[in-house]
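Worksheet for the structure shown next.
The values are calculated or read from the model by the stated rules, or taken from the named source; none is laboratory data. Quantities reported herein were computed from a predicted structural model and do not represent experimental measurements. With ideal geometry, Cβ positions are generated from the backbone for all residues, glycine too; neighbour counts draw on all protein chains shown. Ligands, DNA and RNA are excluded from the accessible area calculation, which covers all protein heavy atoms including side chains. Shrake-Rupley method; radii C 1.70, N 1.55, O 1.52, S 1.80 Å.
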Amino acid sequence: MPHRPQDKNSEQPMSTTKIGIIGSGNIGQAIARLAVAAGATVAIANSRGPASLADVVEELGDNAHAATVAEATEYGDIVVLAIPLSAYSDLPTQALANKTVLSTGNYYPSRDGRIEVLDSLKSTTAQLEASLLPGARITKAFNNIVAHHIPLLVNSAPRTALPIYGDDLAAKTEVLELVQALGFDTVNAGTLADSWRAEPESGGYTHVYAQDPANFYSAHLADRGQPVTIAQLEEALATAHRADVAARQF
């Protein structure tokens, strides 16, 4: 069962002002936009190098700059990982040790290949990520919402809630405060071992935010989303069933 949130206040001050974002896809850019809008400064990086991010940082404005992966890691009070599992081997492991890390990723066998420890349910994706980054304070957030729903549901009325998972209390508190400052309510949903409740095909995955759940997976880009309150998200997480990950095809 998910835990009650630590703080249900709808608006929180931005206590973390420097965000390093590794990954410049749709999720990474969506979080970067929210962070800049909330008053944070952002270093954003990808595997192709800073020159490839010129258009992105121009759009984001003066409070964002392009960086190498190592520079973004060093820069961030919180480091956001918006990358596939296959890219973890290229991360600066030692530099991430003792950092608060917000992982947004999921396991998609069609992209990542089959991973036995995940297929067998011996580990959640978040637990695997923690094992790949020893010493990093891994938290999980933004992995259960599609990228185009993020700007549609930020600062919604009623406020939309996102689940936060983590084993390190201090790191999880930092991320709870960050996500609230970015424009969402939060549910302190448990440990990394509990995070399957918000993984693909679970009750807390992307369809919970769908305006048209029946047709969401066939036409998800057209879906405009609907707000999900803390109570609604808690109910979805509490009634979630763990997916048969070995059968997952996408």
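Extension gain, LEU132 to ALA231: 0.36 nm times the residue separation minus the Cα-Cα distance gives 32.3 nm.
Compute the Cα gyration tensor for the range 21-72, then decide on rounded, prolate or oblate, letting a ≥ b ≥ c be the square roots of its eigenvalues: rounded whenever a/c is under 1.5, prolate when a/b is larger than b/c in the other cases, and oblate in all that remain. Prolate, because a/c is 1.5 or more and a/b exceeds b/c. Compared with the alpha-carbon gap, the fully stretched path from ASP112 to GLU201 is longer by 30.4 nm at 0.36 nm per residue. Based on C-alpha pairs under 8 angstrom that are at least 6 apart in sequence, the range 182-239 has a relative contact order of 35 percent. For ASP185, nonlocal amide neighbours, meaning residues 5 or more places apart or on other chains whose placed amide H falls under 5 Å from its own, are THR160, ALA161, LEU162. Here each label is just a point 7 Å from Cα along the line to Cβ, and for ASN155 and TYR217 those points are 3.5 nm apart.
Cα gyration tensor of the range 104-250, axes a ≥ b ≥ c as square roots of the eigenvalues: rounded (a/c below 1.5), prolate (a/b > b/c) or oblate? Taking the square roots of the gyration eigenvalues as a ≥ b ≥ c, the range 104-250 is oblate.
Decide, for the chain, between rounded, prolate and oblate: order the square roots of the alpha carbon gyration tensor eigenvalues as a ≥ b ≥ c, take rounded if a/c falls under 1.5, and otherwise choose prolate if a/b is larger than b/c, else oblate. Cα axes put the chain in the rounded bin. Net charge dipole, the chain: roughly 240 debye, given to the nearest 20, about the Cα centre with Cβ charges of +1 for Lys and Arg and -1 for Asp and Glu. Once the 1.4 Å probe is applied to the protein heavy atoms, the chain comes out at 42 Å² accessible per residue. Ligands, DNA and RNA left out, the 1.4 Å accessible surface of the chain is 51% carbon and sulfur atoms.
Model label sites at THR17 and LYS122, defined 7 Å from Cα along the beta-carbon direction, differ in position by 4.6 nm. Converting phi to 3J(HN,Hα) with the Karplus coefficients 6.51, -1.76 and 1.60 and the offset θ = phi - 60°, the range 179-187 yields 5, 5, 5, 6, x, 10, 6, 9, 10 Hz in sequence order, with x at every glycine or proline.
Averaging the sequence gap over all C-alpha pairs within less than 8 Å and six or more residues apart, then dividing by the number of residues, gives the chain a relative contact order of 21 percent.
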